[in-house]
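Let me begin by presenting the structure, written as structure tokens, before commenting on it.
Since every read-out is calculated from the coordinates, none of them should be taken as a lab result. This is a predicted model, so every value here is computed, not measured. Cβ placement follows ideal geometry from the backbone for every residue including glycine, while neighbour counts extend to all protein chains displayed.
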Amino acid sequence: MSDLSDLYQQAVLDHNRTPRNFRRLPDPDGTAEGYNPLCGDLINVDVKMDGDVIREIGFEGGGCAISKASASMMTEVVKGMTRDEAREFFDSFRTAVTEGIDFFEAIDKLGKLAALTGVSEFPARVKCAVLAWHTLRAALDGNKATVTTE
Ligand code: FES
């Protein structure tokens, strides 16, 4: 278990050091800015849609290692999902990081994002983990206002 957990922690470090899809998209179909008032960090998420399916996604900003790793993993996971699938995944992820979850169950449900579920023990860090996801949801909803984690 600890080897597996270490492996997943390495994934967090890797995504923080080398974030995937770390760019703004030209002419996005949806875009939003997210703000974590606890620390002042901002993130932008852009999406290009193919009908109801997320075809391209990019982000910039992101603040701390947890928020950046979460955003980077999010971009890999949601590409190819429909709006509803992405929203459902976010709901599962938010529940896991807020209430805690068995690690193996998390791997089953969330894949590599299981690496972030340990933040459930640190309420302030939960905001970091969900910042990009709130922002994605706003981008998918066409919400132009800045969304916050509060
Ligand atoms: Fe700002 Fe984590 S400390 S998002």
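The 3J(HN,Hα) values that the Karplus relation (6.51, -1.76, 1.60; θ = phi - 60°) gives for segment 121-135 are, in residue order, 7, 10, x, 5, 7, 4, 4, 5, 5, 9, 3, 5, 6, 4, 5 Hz. Gly and Pro appear as x. By the helix-only formula, in which each DSSP H run with n ≥ 4 contributes -39500 (n - 2.57) and the sum is divided by residues, the chain has a 222 nm mean residue ellipticity of -16000 deg cm²/dmol. From the residues Thr146, Leu113, Met74, which one has its Cα farthest along the dipole of the chain in the positive direction, the dipole being from +1 and -1 charges on Cβ of Lys/Arg and Asp/Glu about the Cα centre? The Cα lying farthest towards the positive end belongs to Thr146.
Under the rule a/c < 1.5 gives rounded, and otherwise a/b versus b/c splits prolate from oblate, where does segment 1-131 land using the Cα gyration tensor? Here segment 1-131 falls in the prolate category. What is the distance in Å between the Cα centroid of segment 1-79 and that of segment 98-150? For segment 1-79 versus segment 98-150, the Cα centre distance is 11 Å.
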